[in-house]
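For reference, the structure discussed in these notes is given below.
The numbers here are math on the coordinates, done by the rules we state, and not lab data. Computed from a predicted structure; not experimentally measured. Methodologically, a virtual Cβ is constructed for each residue, glycine included, from the backbone with ideal geometry; neighbour enumeration extends over all protein chains shown.
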Amino acid sequence: MHKFWLERIKGKNLFIFIGISILLICLQFFSGAWKTMRFVNSDTIDITPYTQWLGSSIETNMGMLFYFVLPLLASLGGATIYNEDKKQGYFYLIYSKITIKRYFTTLITIVFCLSFLITSLVLILNLILNFMVLPAYNPVESLDIGLNFTYGNTLFPSFYYSHPLVYTGMYIILSALFSGLFAIVTLTISLYVENFFVVVSSVFLVQLVLMVIGFMTNIAISPAHFLMERGDIASVSFVYILLFYILSLVATLVFYVIGVKKNVIK
């Protein structure tokens with residue numbers, strides 16, 4: 001069955017996910033750190049990989065663009081496998097080898113892990129590229145004037161100044177977790193809707209609405225806003241992010257189980 005699942009996840013959608021992700025992180029690197037490194041000297045200790053990587057830099061807008069389209073990209077990481085299997089008639093083969101329960105349990109696990117892995121790897125790649133051209137100065141709070149690493153603009157700013165690499169890793173993991181969530185939400189929607197474009201764009205449209213509300217209220221309620229280390233939205237709440245994730249995950253799993261029972265198991 002390993003070969004079967006490998007064949008299921010391989011396809012143009014996955015390569016589009018990987019390709020666009022790599023393109024965006026490279027564009028951010030060349031328009032950010034690559035241009036900025038010539039200005040680095042002993043007096044510019046605020047120009048470091050920690051301030052210039054995709055999840056932190058707001059100068060090029062590439063970071064915001066990446067997180068803005070992340071729901072679309074994550075939805076291509078295997079979230080449409082069920083609909084493809086259904087259309088191509090693979091279920092006869094599947095049911096002869098494994099149970100329905102095992103198929104859908106394996107499917108949602110693979111979809112989550114695939115999006116988590118790809119997102120984390122491309123963000124790590126972007127961070128490594130920044131470390132290759134910029135000095136790894138530890139940030140100094142008294143000198144980071146105007147960088148928005150303050151309470152309300154980011155999570156745990158004191159932790160950023162004491163352990164910047166671990167802090168950056170925390171945001172990479174957070175981004176990967178939400179990428180996995182986006183993917184399984186899309187997968188769940190595919191149990192109820194057959195139209196490819198509706199399935200793929202649903203989570204993206206929800207994020208778009210949340211972004212508009214966030215700009216109007218100046219509260220970071222959209223993942224595109226709170227997944228970046230620093231941004232223009234002032235109110236970032238760890239409690240909100242935690243509740244948002246847990247409630248979204250639980251609701252997704254509940255509707256996934258219901259969708260399998262009602263729309264798949266007849």
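Relative contact order of the chain, taken over Cα pairs closer than 8 Å and 6 or more residues apart, is 26 percent.
Sequence-ordered 3J(HN,Hα) estimates for segment 66-81 from the Karplus curve with 6.51, -1.76 and 1.60 and θ = phi - 60° stand at 4, 6, 5, 8, 4, x, 5, 5, 4, 5, 8, x, x, 5, 9, 4 Hz, glycine and proline given as x.
Spin-label pair Ala136-Asn218: with each label point 7 Å from Cα along the Cα-Cβ axis, the two points sit 3.8 nm from one another.
Take the Cβ atoms of Leu205 and Lys261, set R0 to 22 Å, and the FRET efficiency comes out at 0.25. Counting only alpha carbon atoms, the long axis of helix 12-31 and the longest principal axis of the chain meet at about 0°. Once the Kirkwood radius over Cα pairs is known for the chain, the Stokes-Einstein relation at 37 °C and 0.692 mPa s delivers a diffusion coefficient of 168 µm²/s. As a proxy for reagent exposure, ranking His225, His163 by other Cβ atoms within 10 Å from fewest up yields His163, His225. What whole-number distance in Å separates the alpha-carbon centres of segment 154-187 and segment 245-259? Between the Cα centres of segment 154-187 and segment 245-259 lies a distance of 21 Å.
Extension gain for Leu23-Leu117 works out to 32.2 nm (0.36 nm per residue, less the C-alpha to C-alpha distance). Normalised by 2.2 N^0.38 Å, where N is the number of residues, the C-alpha radius of gyration of segment 153-257 stands at 1.17. Taking other C-beta atoms within 10 Å as the exposure proxy, Thr252, Thr109 rank Thr109, Thr252 from fewest upward.
When each of Phe29, Phe104 is scored by the number of other beta-carbon atoms lying within 10 Å, the sequence from fewest to most is Phe104, Phe29.
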